[in-house]
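The values are calculated or read from the model by the stated rules, or taken from the named source; none is laboratory data. Note that the coordinates shown come from a computational prediction; the quantities given were computed from them, not determined experimentally. No Cβ is skipped: glycine too gets one built from the backbone with ideal geometry, and neighbour counts run over all protein chains shown. In case anyone asks, the SASA skips ligands and DNA or RNA and just uses the protein heavy atoms, side chains included. Shrake-Rupley method; radii C 1.70, N 1.55, O 1.52, S 1.80 Å.
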Amino acid sequence: MRLLRNAGLAALAAALLAPVAASAQQVTLRAVSGFPENTSYVTKFNAWIAQVNAEGKGLLQINFIGGPKAIPTFEVGNAARTGVVDMVLTTGAFYTNLMPEADALKLAQMGIAEQRKNGAFELINKIWNEKANLYYLGRTCEDQEFHLYLNKKIDKPDLTGLKIRVTPVYRDFFQSLGATVMTTAPGEVYTALERGVVDGYGWPIHGIFDLNWHEKTKYRVDPGFYNVEVSIIMNLDAWKKLSAAQRQFLQKHMLALEAKNSEWRKISDEETKRQASVGIQTISFDAETSKKYLARATEVAWASIIKSSPQYGPQLRKVFTR
Ligand code: 173
């Protein structure tokens, strides 16, 4: 009797465990990047994927399909939302068409480690889930600033008469300084510079060599502003479909990648030197003007986000401001 009952329980347990076992079978996630493949954001992403794949045999694999040639830069968010792809390496500015809040990530005044503790990470996921069917996995670039690069000299923060390449990251700020702006994906900047279609562009301190823009750049304006954000997002359904073990595995690797974000400071210093070494000159302002320049950058960015998201803009500002 006891034996029989035990056998029955064993069968029941097996039946209950079966779906778990089935869902724990290896899953392959399809990934793309909003940045061109030869940028170091993507090189680092691919190195990470290689590690995930090496350790994830039988559990989880990531198949990197490609950069903007696979899915155009400003369409990656939608591809992740609809599940055309499962995972994207991108920045918020590339999917503000889905949710204006995405651009707020650049305004975080603390690192991702702290965001995971102070409620910011939960808030991001609440908004990303609700508004775009996305899961925000983690951040791969931080502690680095954006700059304005120019081919014409300025002596004060006045961009009147200049045409500047932007993404949503810089749009409101440069416009508020009088610039005429033109939005392009990173992959189109070189041609725009070469043809003289733009007099300058916004970009982080790091990366202008990746796409040879240094050949067409005379000046960098200091100080840098905001907090460069590159992150990994996922289709929410794809995330939910993963087993607990698969999610844990992915999170473990994401945290390991975030732990390496401290490298960005050193990379920024090296890039600053490298830019000087190829003859890119620095334009800087006096302390008072620099302070106003930075305050304006932050103010216009928040004003824009809060205007387009009266619901979540103020909440994001609260968790992202020290
Ligand atoms: O394309 C861009 O200038 C941009 O928005 C961006 C954002 C993060 C990192 C690099 C570029």
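General observations
- Search result, residues across the range 132-142 that are within 13 Å of the ligand (Cβ to nearest atom) and either acidic (Asp, Glu) or open to solvent by 10 Å² or more (accessible area, probe 1.4 Å) (or both): Thr140, Glu142
- Residue selected from the range 176-191 under the condition within 15 Å of the ligand (Cβ to nearest atom) and among the polar types (S, T, N, Q), by the criterion least open to solvent (accessible area, probe 1.4 Å): Thr184
- Thr160 vs. criteria within 29 Å of Trp213 (Cα to Cα), among the polar types (S, T, N, Q), open to solvent by 10 Å² or more (accessible area, probe 1.4 Å) and under 15 Å from the mean Cα position of the chain (by Cα): no
- For the range 205-233, filtering for residues that are within 12 Å of the ligand (Cβ to nearest atom) and part of a loop (DSSP other than H, G, I, E, B) leaves 10.
- Yes/no for Leu123 being touching a helix residue (DSSP H, G or I) at 6+ places or on another chain (Cβ under 7 Å), modelled with pLDDT of 95 or more, open to solvent by 10 Å² or more (accessible area, probe 1.4 Å) and within 16 Å of the ligand (Cβ to nearest atom): no
- Every residue from the range 150-172 that is closer than 14 Å to Gly200 by Cα, among the β-branched types (Val, Ile, Thr) and within 10 Å of the ligand (Cβ to nearest atom): Val166, Thr167
- Candidates Ala113, Ala70: the one that is assigned to a loop (DSSP other than H, G, I, E, B), open to solvent by 30 Å² or more (accessible area, probe 1.4 Å) and more than 16 Å from the ligand (Cβ to nearest atom) is Ala70.
- Inside the range 286-322, residues that are more than 30 Å from Ala102 (Cβ to Cβ) and open to solvent by less than 50 Å² (accessible area, probe 1.4 Å) make up a count of 1.
- All conditions in (1) away from the ligand (no atom under 15 Å from the Cβ); (2) in contact with a His (Cβ under 8 Å, 6 or more places away or on another chain) hold for Glu194, with the sole exception of (2).
- The set of residues from the range 192-201 being closer than 27 Å to Lys291 by Cβ and surrounded by fewer than 22 Cβ atoms within 10 Å (Cβ to Cβ) comprises just one member, Asp199.
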